[in-house]
Amino acid sequence: MTEHTHKQYDAELEEVRSRFLQMGGLVESQITGAIDGLANGDLAALERVIVRDTEVNRFEVDLDEACSHILALRQPTAGDLRMIITVIKMITDMERAGDEAEKIARMAKLIHEAGRVNMPAVELWHMANTVVTMLRKALDAFARLDAQAAAQVVRQDKSVDSEWQGVIRQLITYMIEDPRKISRSIELLFIAKALERIGDHAKNMCELVVYMVKGRDVRHTGVDNVEREAAAG
């Protein structure tokens, strides 16, 4: 590989990394926009979240093409190959996290267009803040090649799952005690499930970061093993 070709190859790899982080930043803003809209009832802001989902989709397609180009023409090996494989897999999770943000925005619109009547008093904001933080940490772990930081996010997903179970129990109680709250409860259930799925996608991405950095596939092996592999030399 000539020096010119080598520099071009490095530039292509850096472009993929940079574009993925940009995609992550957009998805993060989509999630916070949807949650803020649920809280304040800004229908215009919620509509912007829904419309901008096409931008997330475009990132996915463009990054897929860029990664395929590098695989076909540059034939990367070792760490570079793992990075490309990781990005290909991570963009799928990132795009799906963006889809969940769109779902939250759509449900929030329904709730506010109905005037928030018969709203159950369910606390979702802590769960929302947690999954946004997880996504942010996943992006940071990817950028810094930090396997141990990624493992911490995998551990954090357990608390999100616990909160999700708590929300289910609360909403079922509301629906049983007051049938008038069934519609709003179902909408909030969809929102809570979307948040739980965003947490899952952040966890999946962090397991891939461990693979990228350590060369070990830790998917489906349990949190304890992820932490061991991330800490291993």
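The values are calculated or read from the model by the stated rules, or taken from the named source; none is laboratory data. Just so it is clear, the model here is predicted, and its values are computed rather than measured. Cβ: placed from backbone, ideal geometry, glycine included. Neighbour counts: every protein chain shown. Protein only, heavy atoms only, side chains kept; ligands, DNA and RNA dropped before computing areas. Shrake-Rupley method; radii C 1.70, N 1.55, O 1.52, S 1.80 Å.
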(message) I'm told ILE182 meets every condition in (1) buried (at least 22 other Cβ atoms within 10 Å of the Cβ); (2) at pLDDT below 95; (3) β-branched (Val, Ile, Thr) except one. Can you identify the failing condition by its number?
(response) (1)
(request) Those residues that are within 30 Å of HIS126 (Cα to Cα) and free of Cβ contacts under 8 Å to residues at least 24 places away in the same chain, I need them from the stretch 35-78; list them, please. (result) ASP36, ASN40, ASP42, ALA44, ALA45, ARG48, VAL51, THR54
(request) Can you work out which of the residues in the stretch 3-34 that are farther than 17 Å from ARG96 by Cβ and among the hydrophobic types (A, V, I, L, M, F, W, C) is surrounded by the most Cβ atoms within 10 Å (Cβ to Cβ)? (result) VAL16
(message) Tell me yes or no: at least one residue of the stretch 83-101 is on the phi > 0 side of the Ramachandran plot and open to solvent by less than 50 Å² (accessible area, probe 1.4 Å).
(response) no
(request) Please find, among VAL56, VAL27, VAL87, VAL49, the residue that is in a helix (DSSP H, G or I) and in contact with a Cys (Cβ under 7 Å, 6 or more places away or on another chain). (result) VAL87
(message) Out of THR32, THR54, I need the residue that is hydroxyl-bearing (Ser, Thr, Tyr), farther than 27 Å from MET83 by Cα and at pLDDT 95 or above. Which one?
(response) THR32
(message) Is it the case, given these coordinates, that ALA147 is of a type in the set (Gly, Ala, Ser), open to solvent by 50 Å² or more (accessible area, probe 1.4 Å) and either over 21 Å from ASP42 (Cβ atoms) or modelled with pLDDT of 95 or more (or both)?
(response) no
(request) Would you mind finding the one in ARG136, ARG82, ARG106 that is assigned to a helix (DSSP H, G or I), touching a residue at least 24 places away in the same chain (Cβ under 8 Å) and within 23 Å of ILE186 (Cα to Cα)? (result) ARG106
